[in-house]
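Data block below; observations after.
The values are calculated or read from the model by the stated rules, or taken from the named source; none is laboratory data. This is a predicted model, so every value here is computed, not measured. Cβ: placed from backbone, ideal geometry, glycine included. Neighbour counts: every protein chain shown.
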Amino acid sequence: MLPYRHLLRLCRHQLLPGSSQLSGSCQLSTASCAHSAQAPAAEPGPQGWFRTSVNDPRQHTREDLGRLYTVDADRHRRLFQVTGLRRTLRDQARTFCELALMVRRPALDILDCIRASDLTRPVNRYVLYGHYGAGKNVTVAHLLDWAAAEGWLIVHIPEADRWGLRYKEVSANVADPLMVDHPLDAANWLTHFRTQNAPQLASLDLRTTQEYTWSRRESTPVGAPLGELVDLGIARVKHSSPCVHALLGEIRRHATAGHCRAMVAVQRVNAFWGNTSIKREDHITPVPFSSLTVVRAVHQLLEHDWSGGAVVCTVSPVRQLEERPAKENWKATDRRGRLLEKARVHSIWGKPSELGGVDAEPLKTHLPRHLLGVEGWRTLEPFVPVRVEDMTRSEASSLMDYFCERRWLQAAVSGTDEGKKELFFRSGGNPGKLVELCGQY
């Protein structure tokens, strides 16, 4: 039998007489294709019902659930110009010339909690969890859009595991040789921070509360604007990681003093309590995430001993390195003839990774207790767990109608009820799988 996508193309060009030639699960789809083969393209439902007229995230209510809103173009460029979105969502925004986010229950629940909480008390920490592709990244983007509209300072760590597994360059810290700096990655993150918070840094008069000495000739005096601290880290890449540490400490103090409000968003935060692919000088001992300068700076914002903001984290299965005793069939030696132990790499895809070179095992659960581990759980506890569920039928229908409007869904059958039901069934309601399936038609 021909593959399903080939059958759709044949039906669209009237090369199949109808569903009588087919059997099994393809009968309904082929009959729908033959019935609607005259249509030039998929058509959405009622005009614009899947869009909400409220594009301001501060005014979203329960009536907007399951509908998409368009992010303001200026905020879109400012928030996600450098990084921050998944590749699929970023490519869609570039293709559609707009960034459309769906208003879902997890984001509204967190916003209701933030509005109802007393910001003079210790910060509340919210942990988003759910299956891979359930929409945690979109929820964080919705919250960041709200924070930018409210004028909050944004501290956004898009991919926490990148600092230990997919870094560009590392170097030893000058003040503490046991700490590890990321000169290029830290400078890139400072550029991301400056782009996201350009209006806030210009309007809020935030200045340094202590003097920072970077070298014999370079220092930042007391009372200097925080923008100078950011510019120094970008211009002098050697000091970028210490500048990130100093910047986050200043934001923490200013938020506690009531000079500003801070939204801290860390994605894949569970990677902070694992080992990295960085090795010590003996080429055997892995460097933990807690020994990274930038990660230690972020850790001080994950604590609950400051106020004036909110902390939103996501947990997702990430590649972790786990020490494993050396076996006879995978021994390795370095140039000096010393025995090295390879690491076992866990991947959500269950494929061998280039880090360990051995078979990987997929993680079996998405729950925070398993992903955070004992140390991560103790650090974040108490926190508010927020589960990101898969899409309902109405939410999936809204997304497919949006794709039909943008001519992303080309198959005529995809605009019918039968086509939507089949796409929803094949994706299981998972947004990531649904977007991937819609890209094939």
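Residues are listed down the side, and each one gets a yes or a no for (1) surrounded by fewer than 19 Cβ atoms within 10 Å (Cβ to Cβ); (2) within 22 Å of Arg86 (Cα to Cα); (3) without any contact (Cβ under 8 Å) to a residue 24 or more places away in the chain; (4) touching an Asp or Glu at 6+ places or on another chain (Cβ under 7 Å):
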| residue | (1), (2), (3), (4) |
| --- | --- |
| Val386 | no, yes, no, yes |
| Glu389 | yes, yes, no, no |
| Glu395 | no, yes, no, no |
| Cys404 | no, yes, no, yes |
| Gln410 | yes, no, no, no |
| Val413 | no, no, no, no |
| Asp417 | yes, no, yes, no |
| Phe425 | yes, no, yes, no |
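Just give me the residues in the range 129-139 being crowded, with 16+ Cβ neighbours inside 10 Å and either at pLDDT 95 or above or of a type in the set (Ser, Thr, Tyr) (or both), in sequence order. Walk me through how you get there before you give the answer.
Pass one, the range 129-139, residues crowded, with 16+ Cβ neighbours inside 10 Å: 129-131, 133-139.
Across the range 129-139, the qualifying residues are Tyr129, Thr139.
Select from the range 247-271 the residues that are farther than 23 Å from Leu79 by Cβ and surrounded by fewer than 21 Cβ atoms within 10 Å (Cβ to Cβ) and list them in ascending order.
Of all residues in the range 247-271, those farther than 23 Å from Leu79 by Cβ come to 249, 253, 256-258, 270.
Matches in the range 247-271: Gly249, Arg253, Thr256, Ala257, Gly258.
What's the number of the only condition in (1) of a type in the set (Gly, Ala, Ser); (2) crowded, with 21+ Cβ neighbours inside 10 Å; (3) at pLDDT below 80 that Ser347 fails to meet?
Just one mismatch for Ser347, condition (2).
Return the residues of the range 380-417 that are among the β-branched types (Val, Ile, Thr) and assigned to a helix (DSSP H, G or I); say none if nothing qualifies.
Step one: filter the range 380-417 for residues among the β-branched types (Val, Ile, Thr), giving 384, 386, 388, 392, 413, 416.
If the condition is that a residue be among the β-branched types (Val, Ile, Thr) and assigned to a helix (DSSP H, G or I), then Val413 is the only one that fits.
Are there any pairs with C-beta distances below 7 angstrom linking a residue in the range 255-277 that is over 12 Å from Ile154 (Cβ atoms) to a residue that is crowded, with 19+ Cβ neighbours inside 10 Å and of a type in the set (Asp, Glu), with the two at least 6 apart or on different chains, and if so which?
Arg268/Asp161; Ala271/Asp161
Would you mind stating whether Thr392 is at pLDDT 90 or above, more than 26 Å from Phe272 (Cβ to Cβ) and hydroxyl-bearing (Ser, Thr, Tyr)?
Numbers: at pLDDT 90 or above: yes; more than 26 Å from Phe272 (Cβ to Cβ): yes; hydroxyl-bearing (Ser, Thr, Tyr): yes.
Answer is yes for this residue.
Tally the residues that are over 21 Å from Leu371 (Cα atoms), modelled with pLDDT of 90 or more and part of a strand (DSSP E or B), restricting the search to the range 252-287.
2
What is the number of the single condition among (1) surrounded by fewer than 19 Cβ atoms within 10 Å (Cβ to Cβ); (2) part of a helix (DSSP H, G or I) that Leu89 does not meet?
Condition not satisfied by Leu89: (1).
Can you pull out every residue in the range 159-201 that is among the basic types (Lys, Arg) and farther than 16 Å from Phe80 by Cα?
In the first step, residues of the range 159-201 are kept if they are among the basic types (Lys, Arg); the result is 162, 166, 168, 194.
Once the filter is applied, which keeps residues that are among the basic types (Lys, Arg) and farther than 16 Å from Phe80 by Cα, the range 159-201 yields Arg162, Arg166, Lys168.
Name the helices (runs of 4 or more DSSP H) wholly inside the range 95-174 in which the number of residues that are over 29 Å from Thr52 (Cα atoms) is 1 or more. Break it down stepwise before answering.
On the way: elements: 105-116, 136-150, 162-165.
The qualifying helices (runs of 4 or more DSSP H) are 162-165.
Residues in the range 98-113: is at least one crowded, with 17+ Cβ neighbours inside 10 Å and modelled with pLDDT under 85? Give the derivation first.
Going through the range 98-113, the residues crowded, with 17+ Cβ neighbours inside 10 Å turn out to be 99-108, 110-111.
Restricting the remaining residues to those that are modelled with pLDDT under 85 gives none.
Checked against the condition, which is being crowded, with 17+ Cβ neighbours inside 10 Å and modelled with pLDDT under 85, the range 98-113 yields no hits at all.
Starting from the range 288-310, take each residue that is farther than 17 Å from Tyr126 by Cβ and modelled with pLDDT of 90 or more and list its partners that are of a type in the set (Asp, Glu) and part of a loop (DSSP other than H, G, I, E, B), counting only C-beta distances under 8 angstrom and pairs at least six apart or across chains.
none
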